Amino acid sequence: MADSTDSGDAGGPKVSSPAANALIYMTLICFLVLGMAAGWRSHRNAGLFLKAIKSQAVWALSLNFLAVNIGSGIFYSLPEVGTIAGITGVFAYAFASSAPLFVFAFVGPLFRKYNSRQWSMTAFIMERFGRPLHILYGIICTLFVGMYMVSELTTIYGVFQLLTPLHPLPPMIIICVITTAYTAFGGVFASLMTDAIQAILIFVMIIVAVIVVAVNVRPTKEDIDRVGLVKPTKMGGELFVILTLAIMFSNMYHQGFWQRTFSSRNDRDLRWATFIGFWLVFVITALIGMAGPLAAWAGTWSPDSDVPGSSAFFTIIASMDSWVSGLMLVLTTSLSCCAIDTCQTAMFASLFDLAEERVNIWVVRAVVILLNIPVIVLAMRAPDILQVYLLADLLASATILPVLFGLFRHLDFIHWTDALVGCFGGIIAVGAFGQAYLGNRHDGWRLLLLDGGLYVTDERVLGAFCFAPLGSVVFMFFFAGLRMGITRLLGRRQYWHVKKEEADDNSESNSIKSRSSSRSSSSSRSSLEVNRCIRSDHASDIVK
């Protein structure tokens, strides 16, 4: 979840144009070479290009989980939480960013148990619920990934504008071109390989940046006591619930997470990778988020200034030597490459699944390239990304659980219509809660738009994110019971999902039984004919 990049005046550009050009484009050239080298192995292997199933060991997968969880937007959104909700808010955001990885450690093995050939969430939905829900989920996945890309490009646009005198548009376009080139060449496997190496470099650079900040920025105890942001806050406690639910459910619509889940060599490696990834993500996000309170304590940022809290991190960078700004420029460029190539391969997977893998791969590649154009146009308009993400997260919270219930064998009676009603029920539950909580219909149903944003003083946002998944489950089971009751009264056969493998096995078993029965009857007919011939010959002998 990235915030808007209205950075205000956080100190002005610190890197000269020649130095900025050299740092940005040398970083991009390195990643292009790295991506092409990684893609050389997969560009002629359809399995590695599209799926890369069971290709990643524990540490490579752990680094990939780090890469898919962070982007350059963390330098805006995390410090802003720290300036509003204090240290409690920072740790709430860090926990919410990292804890949802454990869901994939639990759900991933269920997918493999359900069907070892599955390689994406949309493929499972197609088999379990059919084409209508498959289309809906595929479209939502594509839109989600598009919003991730808009968020990332909006952020990098603001960073280039803040740290350099360059016009941000040309380097932003070139980032898209570079990542498109090596992902179109090497596919998912190239993205996995580059993300692992990029994650190592990013981890090292962030640790260096943290050490530099810790050495140069040393607020006194009096400053900390004067500003505050240390004691636990009510908003910080609510953010533990809101952000965890929001990020956990929205990650389910990001194909990048599913690609990494299915790329694990086995379930044991997946569990270890999510555990290691949890700590990597938690540590990195917590360190970056602490820049918010640190900037307030050190006096580089103040609530009374014109600089928004989202730029608190960059006010610290602006107070240091220019080489630190150069390091940040390389770091944000690396983070953007890492995030955008993941989004592009995720978008490719969503579109290829949406077409049921019946179109030429190059057609899907061309569509992904063309979709970069509206994404760049939207990013230049600098939308309020936090608001867009909140709406997307609320939509995910209201619609994903009915789909996940399809994984459980004892719930095979759930039909796609039940799941669809559950999705709409989750949305209705938010409006109904809002009307009951706020006391009037107009404001209550406008809660679906989350007009007040995330940082409100009451519990409306907390209630919305709790009632959305709860309402979807209640509506789904209620409609399933109603449907089953009506079909029973009408004397029609009840729906019960049968896995394709089981149907094939039953069909094969019936075929074997049929062939066996056919052979048995054929053998019986042959023996009867032989007996007739023997009796006939015997009768002829008697006559003679």
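Some observations on this one:
- Residue in the stretch 114-130 that is over 23 Å from Ala349 (Cα atoms), open to solvent by less than 10 Å² (accessible area, probe 1.4 Å) and of a type in the set (A, V, I, L, M, F, W, C) present: no
- Met476 meets each of the listed conditions (1) within 29 Å of Thr88 (Cα to Cα); (2) in contact (Cβ under 8 Å) with a residue 40 or more places away in the chain apart from (1).
- Count of the stretch 350-366 residues which are in contact with a Gly (Cβ under 8 Å, 6 or more places away or on another chain), among the charged types (D, E, K, R) and open to solvent by 30 Å² or more (accessible area, probe 1.4 Å): 0
- Residues that are of a type in the set (S, T, N, Q) and assigned to a loop (DSSP other than H, G, I, E, B) were ranked within the stretch 51-83; the one that is most open to solvent (accessible area, probe 1.4 Å) is Ser55.
- Qualifying residues in the stretch 84-113 (those that are among the hydroxyl-bearing types (Ser, Thr, Tyr) and out of contact with any Phe, Trp or Tyr (no Cβ under 6 Å at 6 or more places or on another chain)) - the one surrounded by the fewest Cβ atoms within 10 Å (Cβ to Cβ): Thr88
- Here Ala52 does not fit the description of being farther than 30 Å from Ser325 by Cβ, small (Gly, Ala, Ser), at pLDDT 90 or above and touching a helix residue (DSSP H, G or I) at 6+ places or on another chain (Cβ under 9 Å).
- Per-region count, the stretch 131-166, residues open to solvent by less than 10 Å² (accessible area, probe 1.4 Å), farther than 24 Å from Ile400 by Cα, in contact with a helix residue (DSSP H, G or I) (Cβ under 7 Å, 6 or more places away or on another chain) and part of a helix (DSSP H, G or I): 7
- Helices (runs of 4 or more DSSP H) wholly inside the stretch 390-506 that include at least 2 residues being open to solvent by less than 10 Å² (accessible area, probe 1.4 Å): 401-404, 416-438, 460-489
- Applying the criterion of being assigned to a loop (DSSP other than H, G, I, E, B) and either basic (Lys, Arg) or under 23 Å from Met149 (Cα atoms) (or both) to the residues of the stretch 256-305, the residue that is least open to solvent (accessible area, probe 1.4 Å) is Ser263.
- Check on Ala339, open to solvent by 10 Å² or more (accessible area, probe 1.4 Å) and touching a Gly at 6+ places or on another chain (Cβ under 8 Å): yes
- Conditions (1) assigned to a loop (DSSP other than H, G, I, E, B); (2) at pLDDT 85 or above; number of the one not met by Arg44: (2)
- Residues satisfying the stated conditions in the stretch 201-242, i.e. among the small types (Gly, Ala, Ser) and either crowded, with 17+ Cβ neighbours inside 10 Å or modelled with pLDDT of 85 or more (or both): Ala209, Gly236, Gly237
- The set of residues in the stretch 167-200 being open to solvent by 40 Å² or more (accessible area, probe 1.4 Å) and among the β-branched types (Val, Ile, Thr) consists of Ile173, Ile174, Val177, Ile197, Ile200.
The values are calculated or read from the model by the stated rules, or taken from the named source; none is laboratory data. In this text the structure is predicted, and so the values were computed from the model without any measurement. Using ideal geometry, Cβ is built from the backbone for each residue, glycine included, and neighbour counts are taken over all protein chains shown. Surface areas here come from the heavy atoms of the whole protein model, side chains and all, with no ligands, DNA or RNA. Shrake-Rupley method; radii C 1.70, N 1.55, O 1.52, S 1.80 Å.
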